[in-house]
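Step one of this worksheet: look at the structure below.
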Amino acid sequence: MSAIDINQYKIAQEPYYEAVGSEIDLYEAAYQVRMPMMLKGPTGCGKSRFVEYMAWRLGKPLITVACNEDMTASDLVGRFLLDKDGTKWQDGPLTTAARLGAICYLDEVVEARQDTTVVIHPLTDHRRTLPLDKKGELVAAHPDFQLVISYNPGYQSLMKDLKQSTKQRFGGLDFDYPEAAKETAIVAKESGVDLETAGKLVQIAHRARNLKGHGLDEGISTRLLVYSGQLIAKGVSPTAACSMTMVTPLTDDPDMRDTLDAAVQTFFG
């Protein structure tokens, strides 16, 4: 196997992240003992940004995998490929992370099939190994390797969930949208709008989040607020920006759209 440049997985610049509690200290303690970690929270609340920030803070490479229902175990661990010289083995992202001592982040892990996620089990207990059955190799994880997974329990518990045999291999951190003042500061910093405009966007989001389970599957995420703020900062009218980023993506139901549009008009009409 040719040497891999570990620096390509390093995060060069500090990602912007505002702590909402003691999650930074808790994660650092978990990393010191290489505890596998599970991050649970709604879509767009900062889970992925947190992992990027912690990888930067710890100075560790980060390999991220966006999980999906078509992902196979081979997509994670690797496979034999044909080339002009015959067949050669190519490591998957999980194997690469285990060899290099990277943090491997499986984003929205419950989207993957359960027969795929079971391949992580030997890496998440005292063994810290990864069997490559097709290659006949047992990879011992680098001392710096850590596995992190994330998912949205509020949305996915109705359809998909992790097995208890998987869940009980991880420490867990709960994430949620920040309280109003902190979320306002985040939106202003990330999008470039003033605090007053950011505060209005956050108030609209709070109204929409109260509709979760009453017509909306998900509330407006902090990510969508930043999108809206970015458009406003570029000169788009606030009502058009909110419609494009905070109404249209969330629902196709005409009545629910009217409700969200009314909330936008309350603050920007």
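The values are calculated or read from the model by the stated rules, or taken from the named source; none is laboratory data. Treat the numbers as computed from the prediction; the structure is a model and nothing was measured. Cβ placement follows ideal geometry from the backbone for every residue including glycine, while neighbour counts extend to all protein chains displayed.
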So if I check each of Ala233, Ala241, Ala208, which one is in contact with a Ser or Thr (Cβ under 9 Å, 6 or more places away or on another chain), modelled with pLDDT under 95 and outside the structural domain of Val20 (by TED's automatic domain parsing)?
Ala208
Can you tell which of Met54, Met71 is farther than 24 Å from Leu225 by Cα and in contact (Cβ under 8 Å) with a residue 12 or more places away in the chain?
Met71
So Arg207 ticks every box in (1) without any contact (Cβ under 8 Å) to a residue 40 or more places away in the chain; (2) within 25 Å of Glu18 (Cβ to Cβ) but one. Which box is left unticked?
(1)
Exactly one condition in (1) closer than 20 Å to Leu94 by Cα; (2) buried (at least 17 other Cβ atoms within 10 Å of the Cβ) is not met by Lys135; state its number.
(2)
Here the residues within region 221-248 that are closer than 21 Å to Leu211 by Cα and part of a loop (DSSP other than H, G, I, E, B) are Ser221, Thr248
Looking at region 203-220, which of its residues are under 13 Å from Gly44 (Cβ atoms), of a type in the set (A, V, I, L, M, F, W, C) and part of a helix (DSSP H, G or I)?
Ala205, Ala208
Note: among Pro178, Pro143, just one is more than 21 Å from the chain's Cα centre (by Cα), touching a residue at least 60 places away in the same chain (Cβ under 8 Å) and part of a loop (DSSP other than H, G, I, E, B), namely Pro143
Among the residues listed as Thr96, Thr64, Thr87, Thr72, the single one being closer than 19 Å to Lys160 by Cα and of a type in the set (Val, Ile, Thr):
Thr72
Tell me the residue from Val118, Val139, Val33 that is in contact with a Leu (Cβ under 7 Å, 6 or more places away or on another chain), over 20 Å from Tyr16 (Cα atoms) and not polar (S, T, N, Q), please.
Val139
Take Gly21 and decide whether it is modelled with pLDDT under 95, of a type outside the set (Asp, Glu), touching a helix residue (DSSP H, G or I) at 6+ places or on another chain (Cβ under 7 Å) and under 20 Å from Thr222 (Cα atoms).
no
Residues that are under 27 Å from Ala185 (Cβ atoms), crowded, with 16+ Cβ neighbours inside 10 Å, among the charged types (D, E, K, R) and modelled with pLDDT of 95 or more: does region 59-77 have at least one?
no
